[in-house]
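The values are calculated or read from the model by the stated rules, or taken from the named source; none is laboratory data. Because the structure is a prediction, the values reported are computed rather than measured. Backbone-built Cβ (ideal geometry, glycine too); neighbour counts: all protein chains shown.
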Amino acid sequence: MALLGLANDIRDPENFGGAYNIVNFVVYFFVVRAVIRNEGLGRENAGGFGTYFGVSILSGLGIVLGYLLLIVPGIVLSVRWFLAYVIAVVEDRGVTGSLSESWEVTEGNSWPIFLTGLLMFLPFIAILILVEVIFEFNLSYEVQDAIYYAGLAIMNAAFSATGVATLVMGVAVYRMLARAGEDVAGVFA
């Protein structure tokens, strides 16, 4: 995925992803299905691509709107709907049912989920900052080009790794919360 993202960025740096984002989205669906199957969660063929797609679109629109409203509502929605895509695939509750169930299941566990997610994104953010700082130096065009392409490769690899890690974390948190009486805070302590 990182190589596909790098090729897309080199081909058209002004494009926000286009076909790459679609391929990435489909790959993430199959990664979620594989991790769920590997963990023995759900039944065979539960929750199809349509439900996953619907949850992603509806939660994505809500989260973006939340971020536009003052950032904090976007963070709250991101955390509380964090398990919706897993619930959609494991339990096949439909789009709104998955979002509602995620909201209920994450109640009381928002801080551990938020802090763990933040820790997962810190390396990606650090790489973005590092690449930007390097570009601030007055370097020759050849060196700038080499740094630019190396930076793109590293950022795409970090983005893909963070995406997969987030999916795996979602399945792990779902598994922990699905057990009666187990609290995520106790696991992360």
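Apart from one condition, Pro112 fits all of (1) touching a residue at least 40 places away in the same chain (Cβ under 8 Å); (2) farther than 18 Å from Ala165 by Cβ; (3) in contact with an Asp or Glu (Cβ under 9 Å, 6 or more places away or on another chain); the exception is (2). Considering every residue within the stretch 103-120, establish whether at least one is loosely packed, with under 15 Cβ neighbours inside 10 Å and on the phi > 0 side of the Ramachandran plot. Yes, the conditions are met somewhere in the stretch 103-120. Being loosely packed, with under 15 Cβ neighbours inside 10 Å, at pLDDT 90 or above and either in a helix (DSSP H, G or I) or out of contact with any strand residue (DSSP E or B) (no Cβ under 6 Å at 6 or more places or on another chain) (or both) holds for only one residue in Leu99, Leu65, and it is Leu65.
Please work out if Leu83 is crowded, with 16+ Cβ neighbours inside 10 Å and in contact (Cβ under 8 Å) with a residue 60 or more places away in the chain. Walk me through it before giving the result.
Details: crowded, with 16+ Cβ neighbours inside 10 Å: yes; in contact (Cβ under 8 Å) with a residue 60 or more places away in the chain: yes.
Considered against the rule, which asks whether it is crowded, with 16+ Cβ neighbours inside 10 Å and in contact (Cβ under 8 Å) with a residue 60 or more places away in the chain, Leu83 comes out as yes.
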